[in-house]
Amino acid sequence: GELEQMIFIHMTVLGAYTDFIRADLFHDAGIRTMFVLDEPRLVHDGKVLRDETLLPVDVTDWFARQMELVDAHRGEIDVYEFLNEYNIWKGRLKSPDPSRFAEPTMEKYLASIAAFRPLLKAHDPQALLAGCATCSTDLRFIGEFLEKGGGAHVDMITEHAYSGNPDCPDYAKKLDEGLALARTAGVRKWAQSEAGATSPNHLLPGLIDERALEQAHNDLRNMLIAWAKGLDHYSHFQLSTGRTGTDWNLTYL
């Protein structure tokens with residue numbers, strides 16, 4: 001019913017070999033689902049390179065494995081999000097072999113998503129493709145992406161609204177600017193696909209500390225602003241009982 005219409009399951013999958021096995025359950029229940037396509041597992045000299053640092057120069061094998069996933073869940077995943085917070089990868093790791101591993105430049109992101117889009121549409125025509133999934137509402141990165149033609153490769157712009165006081169009230173202004181950029185580029189959908197910043201105490205007596213309340217207030221304010229601006233959806237980060245992030249306790253607040 002109305003509750004199902006409000007729920008958007010946001011699955012972040014770390015590793016290109018992980019499968020969202022029971023996406024059919026969410027799909028059959030009428031719950032929209034986003035699947036985050038992560039970078040491939042890169043190996044150099046027998047060692048696995050650090051996550052979220054580099055991309056393969058040749059994306060053929062990586063994308064072929066991703067299409068196996070898409071084929072397995074054709075019609076079950078509503079939105080595929082291309083990589084996670086690529087805007088903050090730069091400088092984390094220097095390529096040990098530039099002939100095999102590409103530095104995280106805007107040009108590499110554009111070339112990769114441009115190659116990925118026709119594959120996705122061929123394997124699952126109804127699925128939407130989203131980007132850039134920036135850490136924070138990074139209008140500089142999103143703007144550059146759109147100015148260089150990125151709007152032709154995505155159905156939806158996504159960003160992560162990590163902003164606390166005194167930045168929180170500025171989310172409306174950022175969205176106005178971002179939505180204007182997106183519309184100019186022909187992209188009509190915008191979503192906030194990851195937010196939240198704290199986990200309150202899980203142990204008895206379970207008192208809610210001031211920082212948790214502040215984070216909940218900021219997040220709720222951003223959520224209301226997002227809906228008022230007509231965003232496609234506003235997602236939280238994780239459902240966890242032990243890690244930092246947004247979990248059920250913050251949702252309860």
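Summary of values
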item: Reachable lysines, given that their alpha-carbon falls under 17 Å from the alpha-carbon of Lys90 and they are not under 8 places away in the same chain; result: Lys108
item: From phi via Karplus (6.51, -1.76, 1.60), per-residue ³J(HN,Hα) for region 114-126 in Hz, x at Gly/Pro; result: 5, 6, 6, 4, x, 5, 4, 5, 6, 8, 8, x, 7
item: 12 Å beta-carbon shell around Ala64, net charge (K/R +1, D/E -1); result: -3
item: Per-peptide average of other Cβ atoms within 10 Å, ordering 76-85, 149-158, 90-99, 226-235 highest first; result: 76-85, 149-158, 226-235, 90-99
item: Net +/- balance of residues flanking Arg117 in space, Cβ distance below 14 Å, scoring K and R +1, D and E -1; result: -2
item: Kirkwood hydrodynamic radius of region 15-86, from inverse mean 1/r over distinct Cα pairs, in Å; result: 13.4
item: Amide H partners (placed H, <5 Å) of His44, local residues excluded; result: Leu49
item: Point-to-point label distance, Gln126-Ala228, nm (Cα→Cβ direction, 7 Å offset); result: 3.5
item: Efficiency of FRET between Arg74 and Lys94 - r from beta-carbon atoms, R0 41 angstrom, step 0.05; result: 0.60
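Values quoted throughout were computed directly from the atomic coordinates according to the rules given, and no laboratory measurement underlies them. From a predicted model like this one, the values you see are computed outputs, not experimental measurements. Note that we place each Cβ from the backbone using ideal geometry, even for glycine, and neighbour counts take in every protein chain shown.
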